[in-house]
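Chemist: I'd like to ask you about the structure that follows.
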Amino acid sequence: MMNTMKMLPLLSLLLIAACSSGSGDYELRFPALKVAIDDSVVLTAAEERPLPVKIFYPEPADSYPLIVLSHGTFSNRNRYDRVAGFWAGQGYVVMLPQHMDADYGVTPSGYEVMQDVIRTRVADMSQVLDELPAITAAVPGLAGKIAPAQYVVAGHSIGTQVAMLLTGARFRTEFNGEVMESSEDRYQALVLVSDPGKMRLMPRDTWVASAVPTFMVTGTDDFGTMGARGAPTEGQTEILRAETDAAVVRYELLLDKGDHYFGGLVQKERDTEPDHEGLAIFNETSTAFLDAQLKGDRRARAYLDSVNMQAATAGRATLARLELAR
């Protein structure tokens, strides 16, 4: 099934600040590129499980970086259109594999069950890259549009842990001492939609453990289905830091009163006010990160490093840069 849509600009809160913050003339592409959506691809996972993949891609002929997004716990591939469609309209191909826990496909009866879910999710994300030739052949509109080796991994909620494992992070669980890791090395950048360090059993600042440039959005009310950090320090998962000799840049976008779901705009519906403003700030700022990392846009990099985010968003958000050399 394929349809097209014209992505309209959201609030565009940040564009005026690009000129006033010394960051040059960086701006998003408005009007956005026309976006096609294909939901016909179904891969077969290693355990003979169907693996549907929803795809968003720009219609104009060109070569675009690829973003693969791991959805939130018990959610599905259809709950992230507002993020995936925006990125696609700015010149990215976005793919969302539907994992085995989607729509409560597994019963969360214990930590070991969720550990297995994470393991299969990691495999799903690598399989998407493995089968790009087959996916492209199945979707004629994708022909020639995926830039070779320009891959970004993104994740929301439990998908943040999955995305981190795919970019060099290693976890040792408190329950059985197992080290969770991945040999995947094809993803060049990481986008975390929520803070993995706010989840139960995860220590603070988990997000800095990957070995690639990282962008994370979180909020003061960012707590999800898996709950807030609830175990004492000695009972938490141990984060085994990734090793790299290069300086790795990281950006943290903090939304005042931002929650885990942007008010129900992603993952699942919520009985609360939709946070269109927060989502717009995330979409636009994460795109600047993607443009800087994947497209080498120096204006985007200057924007990220100089914008006064509080002024640009009337106090709603702050943007912090952290650079660690390992």
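The values are calculated or read from the model by the stated rules, or taken from the named source; none is laboratory data. As the structure is a prediction and not an experimental result, all values here were calculated from the model. Ideal geometry is used to build each Cβ from the backbone, glycine not excepted, and the neighbour counts take in all protein chains shown.
Residue-by-condition table, conditions (1) more than 23 Å from A84 (Cβ to Cβ); (2) in contact with a strand residue (DSSP E or B) (Cβ under 6 Å, 6 or more places away or on another chain):
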position: L265; (1), (2): no, no
position: K268; (1), (2): no, no
position: T287; (1), (2): no, no
position: L294; (1), (2): no, yes
position: A314; (1), (2): yes, no
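Chemist: I've got another one for you. Between a residue in the stretch 43-62 that is farther than 14 Å from I135 by Cα and any residue that is basic (K, R) and surrounded by 11 or more Cβ atoms within 10 Å (Cβ to Cβ), which pairs come within a Cβ distance under 6 Å, given they are 6 or more apart or on different chains?
Modeler: Partner pairs satisfying both residue conditions: E59/K34.
Chemist: In this structure, is G110 touching a residue at least 12 places away in the same chain (Cβ under 8 Å) and small (G, A, S)?
Modeler: No.
Chemist: While we're looking at this one, here's another question. May I ask you to list the residues in the stretch 95-135 that are of a type in the set (S, T, N, Q) and closer than 25 Å to R82 by Cβ?
Modeler: Here is the first cut: in the stretch 95-135, the residues of a type in the set (S, T, N, Q) are 98, 107, 109, 115, 120, 126-127.
The one that is of a type in the set (S, T, N, Q) and closer than 25 Å to R82 by Cβ: Q98.
Chemist: Further, regarding this structure: Give the residues of the stretch 139-181 that are touching a residue at least 60 places away in the same chain (Cβ under 8 Å) and either part of a loop (DSSP other than H, G, I, E, B) or at positive phi (or both), sorted by residue number.
Modeler: Across the stretch 139-181, the qualifying residues are V139, G144, K145, S157, T167, G168, A169, T173, E174, F175, N176, E178.
Chemist: Looking at P52 and the list (1) surrounded by fewer than 19 Cβ atoms within 10 Å (Cβ to Cβ); (2) farther than 25 Å from K145 by Cβ; (3) not acidic (D, E), which single condition is not satisfied?
Modeler: (2)
Chemist: I'm trying to understand the selection: among the residues of the stretch 242-259, which are at pLDDT below 90, in contact with a Ser or Thr (Cβ under 9 Å, 6 or more places away or on another chain) and farther than 21 Å from A288 by Cα? Before the answer, list the steps.
Modeler: Initially, the stretch 242-259 is screened for residues at pLDDT below 90, giving 242-248.
From what is left, the residues that are in contact with a Ser or Thr (Cβ under 9 Å, 6 or more places away or on another chain) are 242, 248.
Once the filter is applied, which keeps residues that are at pLDDT below 90, in contact with a Ser or Thr (Cβ under 9 Å, 6 or more places away or on another chain) and farther than 21 Å from A288 by Cα, the stretch 242-259 yields only A242.
Chemist: Additional query: Give the residues of the stretch 26-49 that are among the β-branched types (V, I, T) and either within 30 Å of E284 (Cα to Cα) or surrounded by 14 or more Cβ atoms within 10 Å (Cβ to Cβ) (or both), sorted by residue number.
Modeler: Residues of the stretch 26-49 that are among the β-branched types (V, I, T), as a first pass: 35, 37, 41-42, 44.
Listed by number, the residues that qualify are V35, I37, V41.
Chemist: Could you check, for the stretch 186-197, whether at least one of its residues is more than 25 Å from A317 (Cα to Cα), assigned to a loop (DSSP other than H, G, I, E, B) and modelled with pLDDT of 95 or more? First the steps, then the outcome.
Modeler: Restricting attention to the stretch 186-197, the residues satisfying the condition of being more than 25 Å from A317 (Cα to Cα) are 186-188.
From the residues that got through so far, the ones that are assigned to a loop (DSSP other than H, G, I, E, B) too are 186.
Subset that is modelled with pLDDT of 95 or more: 186.
Yes, the stretch 186-197 has at least one match.
Chemist: Another question, if that's okay. Given the stretch 1-105, what strands (runs of 3 or more DSSP E) lie entirely inside it while holding 1 or more residues that are more than 24 Å from H276 (Cβ to Cβ) and either at pLDDT 90 or above or of a type in the set (S, T, N, Q) (or both)? Before the answer, list the steps.
Modeler: Working: elements: 2-6, 34-44, 50-58, 64-70, 93-97.
Correct list: 34-44, 50-58, 64-70, 93-97.
Chemist: Right, another one. Surrounded by fewer than 24 Cβ atoms within 10 Å (Cβ to Cβ), at positive phi and out of contact with any Gly (no Cβ under 6 Å at 6 or more places or on another chain): does that describe D124? Working first, answer last.
Modeler: Details: surrounded by fewer than 24 Cβ atoms within 10 Å (Cβ to Cβ): yes; at positive phi: no; out of contact with any Gly (no Cβ under 6 Å at 6 or more places or on another chain): yes.
Criteria not met by D124.
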